[in-house]
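First the structure, in the form of structure tokens, and then the observations on it.
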Amino acid sequence: MAIETESVRYEVSISADEAAKGTSRVLLRNGKRLEVTIPAGSSAGTTVKLSNALKITDGREGDILISVRVKGPNEGVTEIFDADFEAEVLKSEVPVVVDFWAPWCGPCRMIAPITEKLSGQYAGKIKFCKINVDNNPASAQRYGAMSIPLLVFFKGGKEVGRSVGALPEQTLKAKIDAALA
């Protein structure tokens, strides 16, 4: 009798430079840390398989499959993690909007296309990041992400504003302009 296994999928967005040189990310699942190595020469659509990783994170058989998305320069929302929050946000040369979110959150899914669109409109002026609160509890706790989506605006490494809940595009744009002016 064959044991039926299940796979869990994640998506990781990386820059073209990271795709060319290779990179690694830390994946947190159920309080367990797994290092994901994305090999040099990866392209969009590459899948990195962590064989039987669910045994470590969930105590059951199954693989974790990570789909690689390669972003163009100044494109889209960057997924960040506890480990790189300081480098990506607090030490950023440009202002940053951080979206604290979770995949199960309906309002988070509603605001995601809006932040993706605004990231294109503000390309080069403002950096947009998102951080999964379930997988990155240290940052969620540090910034009091009790209700999500929570957008926190940073300028010069300092918090300059925040907004809770899904907002219409024009309202969000006005909040971003006011907080980062």
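Every number here is computed from the coordinates shown, using simple stated rules; none is lab data. From a predicted model like this one, the values you see are computed outputs, not experimental measurements. All Cβ positions, even for glycine, are placed from backbone atoms using ideal geometry, and neighbour counts span all protein chains on display.
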Computed for the chain: size of charge dipole around the Cα centre, +1 on C-beta of each Lys and Arg, -1 on C-beta of each Asp and Glu, debye to nearest 20, value 320 debye
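Return Thr23, Thr171 ranked ascending by Cβ neighbour count within 10 Å, so the fewest neighbours appear first.
Thr171, Thr23
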Most fluctuating of Ile64, Ile126, Ile38 in the GNM of the chain (C-alpha, under 10 Å) is Ile64
With 0.36 nm assigned to each residue of separation and the Cα-Cα distance removed, Lys125 to Val8 gains 38.6 nm
In this structure, among Lys127/Lys175; Lys117/Lys155; Lys117/Lys175; Lys49/Lys117; Lys127/Lys158, pairs with alpha-carbon gaps over 24 Å are Lys49/Lys117
Full extension between Thr47 and Glu169 adds, at 0.36 nm per residue less the Cα distance, a length in nm of 40.6 nm
GNM of the chain, Cα pairs under 10 angstrom: of Ala145, Ala112, Ala40, the biggest fluctuation goes to Ala40
Taking Cα atoms, the helix 106-121 axis meets the longest principal axis of the chain at an angle in degrees (rounded to 10) of 60 degrees
With Rh as the Kirkwood radius over Cα pairs, the chain has Rg/Rh of 0.99
A correct fewest-to-most ranking of Val70, Val164 by other Cβ atoms within 10 Å would be Val164, Val70
Hits in the stretch 37-63: amide N under 19 Å from the 7 Å Cα→Cβ extension of Ala87, namely 37-42
